[in-house]
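Participant: My questions will all concern the structure given below.
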Amino acid sequence: MKGKKGLLFAMVSFLVIAAAGCGEQAEINREYSEIMSRATEDRFSATEIRDYKGVRLDPSIGPRDNSITGIQSVNMEEYTLSITGLVKTVTEYTYEEVLEYPSVEKLITLYCVEGWDATILWEGVRITDLLEKAGPLEDGKILVFRCHDGYTTSMPLSEIQEKDMILAYHSNGAPLPEPMGFPFIVVAEDKLGYKWARWVVEIEVSDDVDYEGTWERRGYDNEADVPFEE
Ligand SMILES: Nc1nc2c(c(=O)[nH]1)N[C@H]1C(S)=C(S)[C@@H](COP(=O)(O)O)O[C@H]1N2
Ligand SMILES: [Mo]
């Protein structure tokens, strides 16, 4: 019987210790989530708005940077946005010239394949407005976005037209911060994060329907539709 009691004692002790461990773990979890929400809070800049029509916005700087070669600092004295490829006239815009087009506001969530997402109020210009002056040719079915860091990605022009996608220069009512792609980010509505080209310097009109960008070449799906569960 001594043996059984010993065993019972051992089991109870184990449970007590395990329960204490759980409590400790819960405490660690609570502290962790507090630190995390403070970190989220810290990512907001003073000029950013925090909610829009009752929707809580996320800071326009992500939890961490996964850019292929780090955050880019674009020299605005030399910056132009070029529209190239299958167009009647290759066209270059200065930052100010882009901002002259009618502005469009959209509340859109960016979903990264790494599991985080950010709901941000974007303001920018229609990509189709930028193309109009260049005059895309009939065969130009694809837009290839080229960025300051050498990153590229592409999307069918038809989807950009259907969604009326924008090139954003403001996030949450403030100028787009460098980590989010200053001067411009493609707001690739309903597409995964890797379609959201940041620090865009060139939009090439192409007939290459099989074009694969930086991540697509490494095996990421070229459609990149957000797999909505709702
Ligand atoms: N120029 C450029 N744009 C880019 C990237 C990049 O490395 N370079 N990364 C893409 C990816 S994978 C995501 S999820 C979004 C947000 O990047 P972040 O996770 O580094 O904030 O930007 C996209 N646009
Ligand atoms: Mo990503």
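Participant: Looking at (1) touching a residue at least 60 places away in the same chain (Cβ under 8 Å); (2) more than 16 Å from ligand 2 (Cβ to nearest atom); (3) not in a strand (DSSP E or B), which one does Trp122 not meet, given that it meets all the others?
Facilitator: Unmet condition: (3).
Participant: Would you be able to tell me the number of residues in the range 150-179 that are closer than 17 Å to Glu105 by Cα and within 16 Å of ligand 2 (Cβ to nearest atom)?
Facilitator: Selection size over the range 150-179: 0.
Participant: List the number of the failed condition for Gly115; all other conditions in (1) outside any loop (DSSP other than H, G, I, E, B); (2) of a type in the set (Gly, Ala, Ser); (3) over 15 Å from Leu167 (Cα atoms) hold.
Facilitator: Condition not satisfied by Gly115: (1).
Participant: Which numbered condition trips up Ser60, out of (1) crowded, with 16+ Cβ neighbours inside 10 Å; (2) polar (S, T, N, Q); (3) outside any loop (DSSP other than H, G, I, E, B)?
Facilitator: (3)
Participant: Name the pairs whose Cβ atoms lie under 8 Å apart, with the first residue in the range 66-85 and closer than 16 Å to Val186 by Cβ, the second acidic (Asp, Glu) and within 16 Å of ligand 2 (Cβ to nearest atom), and 6 or more positions between them or separate chains?
Facilitator: Correct list of pairs: Ser67/Asp149; Ile68/Asp149; Gln72/Asp149.
Participant: Further question: Thr153 fails exactly one of the following numbered conditions: (1) under 19 Å from Gly85 (Cβ atoms); (2) surrounded by fewer than 22 Cβ atoms within 10 Å (Cβ to Cβ); (3) among the β-branched types (Val, Ile, Thr). What is the number of that condition?
Facilitator: Failed condition: (2).
Participant: Give the number of residues within the range 182-230 that are of a type in the set (S, T, N, Q) and out of contact with any Ser or Thr (no Cβ under 6 Å at 6 or more places or on another chain).
Facilitator: Total satisfying the criteria: 2.
Participant: May I pose another question? In the range 84-115, how many residues are surrounded by fewer than 17 Cβ atoms within 10 Å (Cβ to Cβ), within 16 Å of ligand 1 (Cβ to nearest atom) and at pLDDT 95 or above?
Facilitator: So the count comes out to 1.
Participant: Does Pro136 satisfy being touching a strand residue (DSSP E or B) at 6+ places or on another chain (Cβ under 8 Å), farther than 21 Å from Tyr79 by Cβ and without any contact (Cβ under 8 Å) to a residue 60 or more places away in the chain?
Facilitator: Considered against the rule, which asks whether it is touching a strand residue (DSSP E or B) at 6+ places or on another chain (Cβ under 8 Å), farther than 21 Å from Tyr79 by Cβ and without any contact (Cβ under 8 Å) to a residue 60 or more places away in the chain, Pro136 comes out as no.
Participant: Which one of these is aromatic (Phe, Trp, Tyr) and within 25 Å of Leu192 (Cβ to Cβ): Tyr101, Tyr95, Tyr111?
Facilitator: Every option except Tyr111 fails the conditions.
Participant: Something else: Test each condition in (1) modelled with pLDDT of 95 or more; (2) of a type in the set (S, T, N, Q); (3) within 14 Å of the chain's Cα centre (by Cα) for Ser73 and report the one that comes out false.
Facilitator: (3)
Participant: Does the range 33-44 contain any residue that is part of a loop (DSSP other than H, G, I, E, B) and at pLDDT 80 or above?
Facilitator: yes
Participant: Scanning for something without any contact (Cβ under 8 Å) to a residue 40 or more places away in the chain, surrounded by fewer than 18 Cβ atoms within 10 Å (Cβ to Cβ) and either within 14 Å of ligand 2 (Cβ to nearest atom) or closer than 18 Å to Thr94 by Cα (or both), does the range 181-204 turn up at least one residue?
Facilitator: no
Participant: Looking at this structure, is Ile120 aliphatic (A, V, I, L, M) and under 14 Å from Ile203 (Cα atoms)?
Facilitator: Spelling it out, it is not the case that Ile120 is aliphatic (A, V, I, L, M) and under 14 Å from Ile203 (Cα atoms).
Participant: Ile68: under 16 Å from the mean Cα position of the chain (by Cα) and either modelled with pLDDT of 95 or more or surrounded by 10 or more Cβ atoms within 10 Å (Cβ to Cβ) (or both), yes or no?
Facilitator: yes
The values are calculated or read from the model by the stated rules, or taken from the named source; none is laboratory data. Every value quoted in this text rests on a predicted model; they were computed, and no experiment measured them. Neighbour counts are summed over all protein chains in view; Cβ atoms, including those assigned to glycine, are modelled from backbone coordinates with ideal geometry.
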